[in-house]
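Let me begin by presenting the structure, written as structure tokens, before commenting on it.
Laboratory data are not the source of any read-out in this text; all were calculated from the coordinates shown. Because the structure is predicted, anything quoted here is derived from the model rather than measured. Cβ placement follows ideal geometry from the backbone for every residue including glycine, while neighbour counts extend to all protein chains displayed.
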Amino acid sequence: MSGFERSETVRFAHCDPAGIVFFPQYLVMLNTLVEDWFDRGLKIPYAEVIVGRRLGLPTVRLEVDFTAISRLGDVLVQRLQVVHAGRSSLQLSVTFHGAGDELRLRARQVLVCTSLEDHRPRAWPDDLRAAIPAFMENTA
């Protein structure tokens, strides 16, 4: 499978009083997945992109389906694939799976590369543009 994958254990801080993941915490996990994709997948440090290059990566569109609950101690396998790469945007497909490959979350996210000086879209830097195709969704 093309794409980037990581695992995360559901922590106490992720859970609500019912003992299940509180839905905004899934979005925190989603952002962590994107950061790890930059660091470990693209091999371009996320912090360097934000702090060093002064580029922002805001989410401009997000669709999420929560398909099953996750509980404290569950291990979630998180998968990210690039569906489309534009001049300054990326459309990502993300899934979180629990035990037995049970789908817990499905998301479509659009990120836009922006300048942190004027907050306007900027073309992806050449090194990022070159690294992205390895994570493109297989459409064959």
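Of 83, 21, 51, the residue with the greatest mean-square motion in the GNM of the chain, using alpha carbon springs below 10 Å, is 51. Take the chain and mark each of the GluC sites (Glu not before Pro) that is in a DSSP loop with at most 16 other Cβ atoms within 10 Å; the longest unmarked stretch, sites excluded, is 1-101. Along the axis of the charge dipole computed for the stretch 40-87 (Cβ charges of +1 for Lys and Arg, -1 for Asp and Glu, origin at the Cα centre), the listed residues 78, 49, 59 are led at the positive end by 49.
Its Cα centre serving as origin, the stretch 1-82 has a Cβ charge dipole (Lys and Arg +1, Asp and Glu -1) of approximately 220 debye.
Once both axes come from the Cα atoms, what is the angle between helix 23-36 and the longest principal axis of the chain, in degrees from 0 to 90, rounded to 10? So the helix axis and the longest Cα principal axis differ by about 40 degrees.
The distance linking the stretch 30-56 with the stretch 103-140 is 11 Å (Cα centroid to Cα centroid, whole angstrom).
In µm²/s, what is D for the chain at 4 °C and 1.567 mPa s, where D = kT/(6 pi eta Rh) by Stokes-Einstein and Rh is the Kirkwood radius from Cα pairs? So the translational diffusion coefficient is about 82 µm²/s.
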